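The values are calculated or read from the model by the stated rules, or taken from the named source; none is laboratory data. These figures come from a predicted structure and were not determined experimentally. Here the Cβ positions follow ideal geometry from the backbone for every residue, glycine too, while neighbour counts run over all protein chains shown. Just so you know, the surface numbers come from the protein's heavy atoms only, side chains and all, with ligands and any DNA or RNA stripped out. Shrake-Rupley method; radii C 1.70, N 1.55, O 1.52, S 1.80 Å.
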Amino acid sequence: MLAHAIFFYFFSILAIFSALMVITSRSTVNSVFFLILDFISVGCLFIMVGAEFLGMILLIVYVGAVAVLFLFVVMMLNVAQQKQSWFIGQKSTHIPSGLIVSVLIFLELLVVIGGWKYKENVMTSSNLVIDTNITNTHSIGSVMYTDYILYFQLSGIILLLSMVGAIILTYRKRENVKTQSYFKQISREKSSAVMLKEVDFNKGVNVDD
Amino acid sequence: MDYFYTLLNEIYKILFLIVPILVSVAMIVWLDRRVWGLVQKRRGPNVVGPFGLFQTLADALKYIFKEIIIPASANKIIFILAPIITMTLALVAWAVIPLSETLVLSNINVGILYLFAVSSLGVYGIIMGGWASNSKYPFLGAIRSAAQMVSYEVSIGIIIINVLLCVGSLNLNDIVLAQKNLWYVIPLFPMFVVFFISALAETNRPPFDLPEAEAELVAGYQTEYSGMMYAMFWLGEYANILLMCAMGSILFLGGWLPPLDIYPLNIVPAPIWMIFKILFLFFLFAIIKAIVPRYRYDQLMRLGWKVFLPFSLIYVVLTASFLLYFDKLPKGSF
């Protein structure tokens, strides 16, 4: 148990420390790196609890894909210019909206944790019998695709909608862009592509006609 | 005291895994250069040691004695961390690769997810190195590489789903044992081809080596690196290639199983089959490096998103409906 405790405290302290560093570090790139460290340590905590499937999915989805794109965007920002507008320029307009969101999240957490505290089976899923013989990948699958199939599909559709929305918002049709059409290239024939011309001496030829 | 002995035992096992991998990485570099040379009618490295086998060791020695230069405007911590991360991630993934039914460091339930997770983390070494160098060519290389690796990971993930549908377990040993009668390369041959090409892109190998395209970007994300740090990138890259070959042989070529369960073949020890399959896949990697010209970047992206992704998605539907119709869905562990 000792080793278990050591690892637990190591990963949880790392998670809390890196979460603090995400919001306090001055450089945006550094805070993304701390965010990644946070994801990894939370993933390790998941694995220690025995939820290895969730831990691995957290690593694959958040660290392997989402955080890479995050980093991608943050690295493109001009750090020096941003610092100026943030610290020296006018007052930031982000603070009120940020406050509202964080207060809302805090209230939500209060409701969830408080509900759990005062009523034993506030969540219906806690009535489920846990079979220790099957791996948690199987048990998640057998619940997700039977009882909760509707919610699963709905969350998928919401993700798809947000993706379509983002593409529509940023898509603009540009003029004079040359694209390669493979079908056109392959279906070119000798008769339409090559022609033989008699060229008069000292006159040249106009190719465009 | 008990903890101490377990710890020592684990360290001993880890050393016995890592040292052979490092040695085989060195040998594989030699093989790669040798094949490349033979295709182009050159001799390749043949001076140091018998058949030039010690060429890589000599190179490594040279790298160790070279000076490590850190650019003045670089972000020092991240600059030093980047090659360490590449190398560590490339080696850490080997913990779950089974060389035989029992010869595996850690036989975990979600082995294939672990492999996939670690290989998708590999992009960080490159992106960190490119950004921390604070220079134009490395940054362009890092951005190309990030975009490329993220897009090809998607198709690799869907190919893994294809195999998992047939197996019904995420454990690597179960995946190998499920191929006892028929290697998945036969029913899932199109997926094997797609996996192989995606693996080329995932490890930044030619014809998809745009992140380090020497004609455009000098050496991509490695431009500012020198000495041992460059060597670590280089070793990590080859360890990753070996890892992809191991993954391919586990998913499609039956891992440590002999091709047929008949007399002269099944007395050959299992690790030898595994190593032979990894070498076979690596030979294909090396040949392709020698004979195929580099892709253009937009063609690379088109191939990943518009060809491989829909194709492997359709194949998931095909595999699932086939298994459902013929009632072949795996039911083992329920």
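The set of residues from the range B:273-324 being small (Gly, Ala, Ser) and open to solvent by 30 Å² or more (accessible area, probe 1.4 Å) comprises B:Ala320, B:Ser321.
Residues in the range A:163-181: is at least one open to solvent by less than 100 Å² (accessible area, probe 1.4 Å) and charged (D, E, K, R)? No: the range A:163-181 contains no residue that is open to solvent by less than 100 Å² (accessible area, probe 1.4 Å) and charged (D, E, K, R). Counting residues in the range B:200-217 that are part of a helix (DSSP H, G or I) and of a type in the set (S, T, N, Q) gives zero. One residue stands out among those in the range A:182-196 that are open to solvent by less than 90 Å² (accessible area, probe 1.4 Å) and small (Gly, Ala, Ser): the one that is modelled with the lowest pLDDT, which is A:Ala193. Note on the range B:210-242: residues that are of a type in the set (Val, Ile, Thr) and surrounded by 21 or more Cβ atoms within 10 Å (Cβ to Cβ) amount to 2.
Across the range A:157-204, the qualifying residues are those that are assigned to a loop (DSSP other than H, G, I, E, B) and among the hydrophobic types (A, V, I, L, M, F, W, C), and the one among them that is farthest from A:Val66 (Cα to Cα) is A:Phe201. Residue check: is B:Ala93 within 11 Å of chain A (Cβ to nearest Cβ), open to solvent by less than 20 Å² (accessible area, probe 1.4 Å), farther than 22 Å from B:Gly141 by Cα and among the hydrophobic types (A, V, I, L, M, F, W, C)? When the stated conditions are applied, B:Ala93 does not pass them. Selection of the range B:145-159 for residues being away from chain A (no Cβ under 11 Å) and open to solvent by 10 Å² or more (accessible area, probe 1.4 Å) yields only B:Ile158. State yes or no: is A:Leu104 at pLDDT 85 or above, more than 14 Å from every other protein chain (Cβ to nearest Cβ), surrounded by 10 or more Cβ atoms within 10 Å (Cβ to Cβ) and farther than 30 Å from B:Gly111 by Cβ? In short, yes. Take the residues in the range A:58-78 that are more than 10 Å from the chain's Cα centre (by Cα) and at the interface with chain B (Cβ under 7 Å from one of its Cβ atoms); name whichever of them is least open to solvent (accessible area, probe 1.4 Å). Taking the candidates together, the pick is A:Leu71. In the set (1) more than 14 Å from chain B (Cβ to nearest Cβ); (2) modelled with pLDDT under 85; (3) surrounded by 10 or more Cβ atoms within 10 Å (Cβ to Cβ), the condition left unmet by A:Ser142 is number (1).
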